[in-house]
Structures are given as C-alpha cells and as structure tokens.
1. Might you check whether a residue that is touching a His at 6+ places or on another chain (Cβ under 8 Å) and part of a loop (DSSP other than H, G, I, E, B) occurs anywhere in the stretch 54-65?
2. Can you report the number of residues in the stretch 86-144 which are assigned to a strand (DSSP E or B) and free of Cβ contacts under 8 Å to residues at least 60 places away in the same chain?
3. Kindly list the number of the only condition in (1) open to solvent by 60 Å² or more (accessible area, probe 1.4 Å); (2) within 18 Å of Leu144 (Cβ to Cβ) that fails for Ala74.
4. Quick one: Leu149 ticks every box in (1) more than 26 Å from Glu52 (Cα to Cα); (2) buried (at least 16 other Cβ atoms within 10 Å of the Cβ); (3) in contact (Cβ under 8 Å) with a residue 60 or more places away in the chain except a single one, so which number is it?
5. Among the numbered criteria (1) buried (at least 18 other Cβ atoms within 10 Å of the Cβ); (2) farther than 15 Å from Ala54 by Cβ, which single criterion is violated by Met101?
Amino acid sequence: MAAAAGGAAERAAMAGGKGFLALLVAALMFAGAVMGGEGRPPSLVGGMVDIENADNDGGLQRALQFAMAEYNKASNDMYSSRVVEIISAKRQIVSGVKYVMKVEIGRTTCPKPATNLQSCAFHDAPQMAKHAICDFVVYTVPWLNQIKLLQSKCE
C-alpha cells in the first residue's frame, strides 16, 4: 500500500512539473509578444536598439551634442562643425547607456569656439564647404552625471 501511495505522489509531482513548465513556456511567449511589439522581432535585453525618432530623443541629443563638442575641440579647423543629418542612431543599455550614431556633419561659418552651433549657418562656397560622415560612440551614466566619447571616426 505504501508503494502504491508513493507511486501516486510521484505521478502527481510529475504532472505538476509539466503543468508548471507549460505555464512557464506560455508566460515567456506572452512576454516575447509584448516586448516585440507589432511587426517587429523581440529585442534582447542589453542588445542594440534602433532609435526611431532621433530628433525627439533627449538622451541621444545630449550624447550627440557632447560628441560634436569633443569633435570640434580635437579638430584643427578654424571653423566649428555641426550635424547636418542623423543617418542612424542606436542605444544599448549596459551599466549606463551607450549611443552609437552615424551622422553627416558640415563646416559652419562660425569660428571656434562657437557657443550656439544651431545658429551657425553652413558654408555654401564650394572651397569652404566641408562635409563628412562620422561614427560616434558615446557612453553615458546619467544618474552619475558622467559622459565619455568612446569613438570618433570621420571620413
């Protein structure tokens, strides 16, 4: 009798384990559907994510402004440059936020150091107009007020 009771308890435990596993699989599938959004594959936690509306993303804009300030400081050009167009932008959540940006920049008419680059017009004379495509990687920890340019490469 004890052996039969033990076998029944073991079968009940196995059935409960299968039920838990089925529930876990269903929960993971639901979470994937919610996190993935409509028409998009689910993103991995900590993976690179495209920034859809770069012009309205405050964190990206601060990172880009910092990258341009650092670029202008390091440049030997007597004129400041500013962003013409954001070609692509991605974000990765790590121990802070890492922004990966590809931008087109252009030489402005403002000599260095310019304080408000957005009010500076681009050079239109062919011999003065200079455009480049730049890849910037900026790492920021907003809650510690830290920001660092990890990569700046322009062609």
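1. Taking every residue of the stretch 54-65 in turn, none turns out to be touching a His at 6+ places or on another chain (Cβ under 8 Å) and part of a loop (DSSP other than H, G, I, E, B).
2. 31
3. Answer for Ala74: the failing condition is (2).
4. Unmet condition: (1).
5. Checking Met101 against (1) buried (at least 18 other Cβ atoms within 10 Å of the Cβ); (2) farther than 15 Å from Ala54 by Cβ, the one that fails is (2).
The values are calculated or read from the model by the stated rules, or taken from the named source; none is laboratory data. Just so it is clear, the model here is predicted, and its values are computed rather than measured. Note that we place each Cβ from the backbone using ideal geometry, even for glycine, and neighbour counts take in every protein chain shown. For the accessible areas, the whole protein counts, side chains as well, though only heavy atoms, and no ligand, DNA or RNA atoms are used. Shrake-Rupley method; radii C 1.70, N 1.55, O 1.52, S 1.80 Å.
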